[in-house]
1. If you take every residue apart from ILE77 with its C-beta less than 15 Å away from the C-beta of ILE77, what net charge results, scoring Lys and Arg +1 and Asp and Glu -1?
2. Percent of accessible area on the range 31-71 owned by carbon and sulfur, 1.4 Å probe?
Amino acid sequence: MGHHHHHGDGFWGLLDYLFLVLSLVAVWYSAKHTHHKRIRWVLWVAWAVFAIGLLSEIFHFEQGKWLMYAGSIVLVIAHWYNHRYCKRLRTDVTRKTAVR
């Protein structure tokens, strides 16, 4: 009756760690290419919260899933905002060069 399921074992555990590595690459790339320092900071903090939440499953820390959710949501929002920010910068640069 008290069956507890967590993703730390087997195939699902491997997917968790694969996603952790892929998200690290995405954050590294985005942080490296953005000129917005606050976004860079938010991306790294959100990834750290996500990673701590994911890795806390090893120690069966129940609240770890909420850290994963919070980190994931902030990562999605920060990536979306960064994408819009970079797109706006490219548009502004294009307009300035077209005016010349």
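The values are calculated or read from the model by the stated rules, or taken from the named source; none is laboratory data. Keep in mind that what you see is a predicted model, and the values were worked out from it rather than measured. Quick reminder, even Gly has a Cβ in these numbers, built from the backbone with ideal geometry, and neighbours come from all protein chains shown. For the accessible areas, the whole protein counts, side chains as well, though only heavy atoms, and no ligand, DNA or RNA atoms are used. Shrake-Rupley method; radii C 1.70, N 1.55, O 1.52, S 1.80 Å.
1. Working: positive: ARG38, ARG40, ARG84; negative: none.
Once all neighbours under 15 Å are counted, the net charge is +3.
2. Looking at the range 31-71 in its full context, I get 71 percent from C and S.
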